[in-house]
Amino acid sequence: MNKPNIFKREINYVLLLLPALLIYCTFFIFPTIKTALYSFTNWSDVHPVVVKFVGIDNYIALFKDSIYLTGIKNTLIYAVLAMLGQNLLAIPLAVFLNKRLKTKNLLRAAFFLPAVFSVLVIGFLWNFMYSPSDFGLINQLVVALGFERINFLGDPHLALYSVIIASVWQWVGYTMVIYLANLQSISTDYYEAAKIDRASGLQMFRYITLPLLLPAITFNTVMGMINGMKVFDIVYALTGGGPGYSTETIVSLMIKKGLSEGFYSYGAAFGIVFVILVGFITFIHFTLIKMWERR
Amino acid sequence: MKRTWLIPTTALLALSILITGCSSNSTNNSSTKESATPNDTATPKESKAPEPVKKVKVRLSYWNKEDSVKALLQLFKDKLPDIDVEYQFIDNKTYVDVIKTQLAAGEGPDIIGGVIDANTVKTGYFEDLTERYASKYYETGTSTATFDNKLYGLPQASWFNGVYYNVDLFAKYDLKIPTTLDEYFQVADVLKKNGIKPQAIGLKNPNVAGQSFLGLALNDFIGTTEGKKWNDDFGKGNSKMVDALEPSLTTWTEYLKHGVFTKDMLGLEEEQAIDEFTSGKAAMFQAGPWYMETFKQKAPDMKIDMFPNLGTKGGPGWMVGGPGVSFGLNAKSKVKDAAYKVLDLLSTPEGQNAYWVDNKGGSSFLKGVTFEMPAEYNGAQEAFKAGNVMYPVNNWGVAGPAFSDLGKGIQEIIAGTKTPRQVLEAVDKKAVELLEKSK
Amino acid sequence: MNRYTKGTAVTEILLLVLGAIFLIPIYYLIITTFKTPADAVSHPMGLPVNITFVNYVRAFKAMNYIHVLGNNLIITISSVAGIVMFSAMAAYSLVRRTSHFNRIVFLLFMVGMMVPYQMGILALYKQVAQLGLMNSHTGVILIEICYNLPFSIFLIKSFIGSAVPFELEEAARVDGCGVWRTFLQIVFPLLMPVIATVAILNTLGVWNDFMTPLLFLQSRSKGVLLLEVFRNIGQFSTDWTNFFPMMLLAVAPLILFYIFMQKYIINGITSGSLKG
């Protein structure tokens, strides 16, 4: 092949990349860089034009405010528990639904169904179900069973966990489907061999299924964690951050401070800290998975 | 429906060009992106039915549903044939965020309800309306939208909240209308004994929690001469909340001690609380005229009256309230002439009346316009006569957003995780932050 | 490997029971749409006493359904078409060219997955306004494409890396076929399994996103179904039996879509895409 041809080939590869890159730079990279720059200024709703460089003042202020620590704590609790809940339920579900059941397809479709609904709709639906008033579905059941009403969303010690339950319910089927895909790629030879060795079902799960599910586990836990850290919609629909600050998350506080109260640059700084935090957690996550893989 | 397929088809078309063009592709590729753009910008309404007269579109935004301005929009339609007023409802919870985002980007609706404060005015988001309208309105109404003696918004009929009560239930148990908090708790005890919830309240919303406290605080402190001075000083950053309001907030916790408000209610939406009131399960409900239609829909036969918010000392009581939403003109609007015509119409008795029809109860601030108070508010007449209507947050200026922290703090008190003192200190801290930003 | 044994039958029955319990919230949502408020309060789980469609008629009108559905289709179909095309092209290029530049580009895309878009919302808003794309479907479509690119590129790239043999392309190249034709005629058809996954997941994602339309579409006539739902949760809507049909109507087309596409979903999101 001669030189101009190679050159043309390379150009074409770049051209393939170009539309995605252009859109991405215009609507993501560029605004994000701007936001990063803003985080070192005093930009706010009162100083929209005269923007002054203030160094890391915003970052220092951030770590002095206990509300933000509450937000970070809530977000971490949410992300870890929602991620664990989804995966611990989805793996056995996927293993069972990978068996030769007669209603296999129906069941799979049923468990995935909540993922079709908008988070907003799911949020408002659960809002009605959790309600402590007369038509709250779950509380009707609780009372019928002879227990005290549970104040799912109004009790600051419970609200966050109620949100997590709704969220796990919505996404467990989605997570399961990814495990199913992975399970289908595992050759049955392994199991046949194990059967000859008289391995029990549990042993097969422990020594064959689980290690071979590693790609799906990695994918689901990492994505679950990242999406959990970004949580906003479901909290907004269920509790709006309350009662008090008990369910405020990083993103909801970012919006409250950075937009509602007009501290734009402060919100930007919070965003940057958040991205670093997510990056750090993802890095640790991968490291842990690698360690597990080597064992 | 045909337009729906336009864009994907274009994309496929562009794709097919690419397929055939194996060798000469650099030009083709750039056309993929561009061809997508002009086509879908054509999707907006223009291509629909061609209007005989080209209407100017004026966008008006507000946080109440279209139903609450139905008559007003109809009036615009009838009287301003060459203007198409497009109403943009944005839910209360996101209203300020959405509008401020738009304004910060130099965008936004042409006529904006609310959001007019020292900051947004200083930033130049709003047009100065002084010359054209200031003389037409009473100062009591324009004060919330006036900064440095310049008017930036036109106040609509006033709003207020008091305590609605179920007249039949009160009669059934032979209850007297309470005039002090103590009497209120006596009434509440009787109701509770008979298995009726004294007052329904959607405490899930921090704003609702805050309103309840304001009602009491106005009676016990903020409504006094000394209190009013304190309130102004608070907005300027010259006084603290913690010393002034701790007694009132501690008194407010009586609602909790008497079991009128409970932790349960922290999980209750306002909508759900209304259901309790209209179904007769609860006897009282703190709100304002905007819910009257809902009450009538849900319980057409229910007799309702209102008494003012109560304090410990008695007297005529207080209504929490003030001028209604102020409509301002976006300084960046591209259709200012048309928008002025809309505002002109709003500033006529006809316009005021059209707004009032769907918000009965308040009074107009346009000179020469008076509305009759519906009979449902008889019990609150004394408070109105004494001029006891005030929304303290209006004087907080740039520290206004701290009210949401107060509401959240009250939720924390109800939940038992904070003391009144801690809450007020937190609000003070937020106020300082907000004030410092504006310096 | 498994025969249908007694144990399997027991498992199946247990799973069916579990599945039924699992779907109670959705049953509740659907059943309530046919009830009067009183009916809904007195026995929330029972079948409606008198089936009423009044709720639906009212919701249908209140939402301006047909018109708004059109907007939804425009936005969703265009966005998904864009996402699929652009991410497939980009992913292919990123797999076959591993220059430093491309590695950095890929890394940038991956960072995008970690950033909540609310973070740069003001800067993004300014950007969209400057481009004159405010209050236009084009603007929303481009934003949807942008924010769904990273995940899609990630899935497709993993798939190409593990399931598309390079030998095929070599052969095509020897036959004198250029990069574009190789991509479109040889690679793209092979990507169908992962494209189906990407298309389905993004259809769900774009349809169900209401923040972008809320922020970037100001005219009601341009809005989407979820925005209509959202308008009606405002503090002055108290009639929740009217509200439930709206929630259902807003996702009804999506549920239809799901019924038709479910075999692609439930048979497993393409396994090749998991070896990232």
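Here are some notes:
- Filtered by the rule that a residue be closer than 15 Å to A:R206 by Cα and at the interface with chain C (Cβ under 7 Å from one of its Cβ atoms), segment A:183-195 gives a lone residue, A:Y191.
- Residue in segment A:166-175 that is modelled with pLDDT of 85 or more, over 30 Å from C:F159 (Cβ atoms) and surrounded by 19 or more Cβ atoms within 10 Å (Cβ to Cβ) present: yes
- Top-ranked residue in segment B:216-225 [being in a helix (DSSP H, G or I) and among the polar types (S, T, N, Q); ranked as farthest from B:A415 (Cα to Cα)]: B:T225
- Residue among A:A79, A:A20 that alone is under 22 Å from the mean Cα position of the chain (by Cα), within 14 Å of chain C (Cβ to nearest Cβ) and at pLDDT 90 or above: A:A79
- Against the conditions (1) among the hydrophobic types (A, V, I, L, M, F, W, C); (2) under 16 Å from C:I31 (Cβ atoms); (3) free of Cβ contacts under 8 Å to residues at least 12 places away in the same chain; (4) out of contact with any helix residue (DSSP H, G or I) (no Cβ under 6 Å at 6 or more places or on another chain), A:V121 satisfies every one except (4).
- Only listed residue being over 22 Å from the mean Cα position of the chain (by Cα) and either among the aliphatic types (A, V, I, L, M) or surrounded by 24 or more Cβ atoms within 10 Å (Cβ to Cβ) (or both), chosen from C:V105, C:V80: C:V105
- Whichever residue in segment B:226-251 is in a loop (DSSP other than H, G, I, E, B) and in contact with a helix residue (DSSP H, G or I) (Cβ under 7 Å, 6 or more places away or on another chain) and, among such residues, is nearest to B:V423 (Cα to Cα): B:K240
- Within segment C:95-108, the set of residues being more than 7 Å from chain A (Cβ to nearest Cβ) and part of a helix (DSSP H, G or I) comprises C:V95, C:H100, C:F101, C:N102, C:R103, C:I104, C:F106, C:L107.
- Criterion applied to B:G409, B:G397, B:G416 was being in contact (Cβ under 8 Å) with a residue 60 or more places away in the chain, within 14 Å of chain A (Cβ to nearest Cβ) and crowded, with 18+ Cβ neighbours inside 10 Å, and the one residue passing it is B:G397.
- Restricting C:L227, C:L215, C:L168 to residues that are surrounded by fewer than 21 Cβ atoms within 10 Å (Cβ to Cβ) and in contact (Cβ under 8 Å) with a residue 12 or more places away in the chain narrows the list to C:L168.
- Those residues of segment B:161-174 which are of a type outside the set (D, E, K, R) and either surrounded by fewer than 18 Cβ atoms within 10 Å (Cβ to Cβ) or under 17 Å from the mean Cα position of the chain (by Cα) (or both), in sequence order: B:N161, B:G162, B:V167, B:A171, B:Y173
- Complete set of residues in segment A:114-173 that are of a type in the set (D, E) and either in contact with a Gly (Cβ under 8 Å, 6 or more places away or on another chain) or assigned to a helix (DSSP H, G or I) (or both): A:D155
- Hits in segment A:40-89 - residues which are aromatic (F, W, Y), without any contact (Cβ under 8 Å) to a residue 60 or more places away in the chain and part of a helix (DSSP H, G or I): A:F63
- Looking only at segment A:36-48, and only at residues there that are at pLDDT 90 or above and under 25 Å from C:E144 (Cα atoms), the one that is farthest from the chain's Cα centre (by Cα): A:L37
Quick grid of which residues meet (1) at the interface with another protein chain (Cβ under 10 Å from one of its Cβ atoms); (2) of a type outside the set (V, I, T); (3) more than 17 Å from A:L113 (Cβ to Cβ):
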| residue | (1), (2), (3) |
| --- | --- |
| A:N139 | yes, yes, yes |
| A:I150 | yes, no, yes |
| A:L153 | yes, yes, yes |
| A:L160 | no, yes, yes |
| A:V163 | no, no, yes |
| A:W169 | yes, yes, no |
| A:M176 | yes, yes, no |
| A:A181 | yes, yes, yes |
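- Filter result for C:I51 (more than 30 Å from A:I281 (Cβ to Cβ), surrounded by 21 or more Cβ atoms within 10 Å (Cβ to Cβ) and touching a residue at least 12 places away in the same chain (Cβ under 8 Å)): no
- Considering C:S221, C:S273, the condition of being surrounded by 23 or more Cβ atoms within 10 Å (Cβ to Cβ), more than 7 Å from chain A (Cβ to nearest Cβ) and at pLDDT below 85 is satisfied by C:S273 alone.
- Subset tally (residues that are buried (at least 23 other Cβ atoms within 10 Å of the Cβ), in contact with a helix residue (DSSP H, G or I) (Cβ under 6 Å, 6 or more places away or on another chain) and without any contact (Cβ under 8 Å) to a residue 40 or more places away in the chain) for segment B:105-160: 1
- If only residues of segment A:34-53 that are surrounded by fewer than 16 Cβ atoms within 10 Å (Cβ to Cβ) and under 24 Å from A:S260 (Cβ atoms) are counted, the one that is farthest from the other protein chains (Cβ to nearest Cβ) is A:K52.
- Test: residue in segment C:136-148 that is buried (at least 21 other Cβ atoms within 10 Å of the Cβ) and in a loop (DSSP other than H, G, I, E, B): yes
- Residues within segment A:208-250 that are buried (at least 21 other Cβ atoms within 10 Å of the Cβ) and either within 12 Å of chain B (Cβ to nearest Cβ) or among the small types (G, A, S) (or both), tallied: 15
- Flag if A:V273 is among the aliphatic types (A, V, I, L, M) and surrounded by fewer than 24 Cβ atoms within 10 Å (Cβ to Cβ): yes
- So C:S79, is it of a type in the set (G, A, S), in contact (Cβ under 8 Å) with a residue 60 or more places away in the chain, over 25 Å from A:F274 (Cα atoms) and more than 8 Å from chain A (Cβ to nearest Cβ): yes
- Filter result (crowded, with 21+ Cβ neighbours inside 10 Å and of a type in the set (V, I, T)) within segment B:74-95: B:V85, B:I90
- Contact annotation: residue pairs with Cβ atoms under 8 Å, 6 or more positions apart or on different chains, pairing a residue in segment A:251-264 that is more than 7 Å from chain B (Cβ to nearest Cβ) with a partner that is among the polar types (S, T, N, Q) and surrounded by fewer than 24 Cβ atoms within 10 Å (Cβ to Cβ), are A:V251/C:Q118; A:M254/C:Q118; A:Y264/A:S44.
A quick yes/no check of all residues on (1) in a helix (DSSP H, G or I); (2) modelled with pLDDT of 90 or more; (3) within 14 Å of chain A (Cβ to nearest Cβ):
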site	(1), (2), (3)
B:F170	yes, yes, no
B:T179	no, yes, no
B:E183	yes, yes, no
B:A188	yes, yes, no
B:G195	no, yes, yes
B:L214	yes, yes, no
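- Near pairs, Cβ below 7 angstrom, 6+ apart or cross-chain, from segment C:244-261 (under 11 Å from C:M63 (Cβ atoms)) to any residue that is in a helix (DSSP H, G or I) and polar (S, T, N, Q): C:P245/C:N55
The values are calculated or read from the model by the stated rules, or taken from the named source; none is laboratory data. This one's a predicted model, so the numbers in the text were calculated from it and none came from an experiment. Cβ coordinates were reconstructed from backbone atoms using ideal geometry, including for glycine residues, and neighbour counts include every protein chain displayed.
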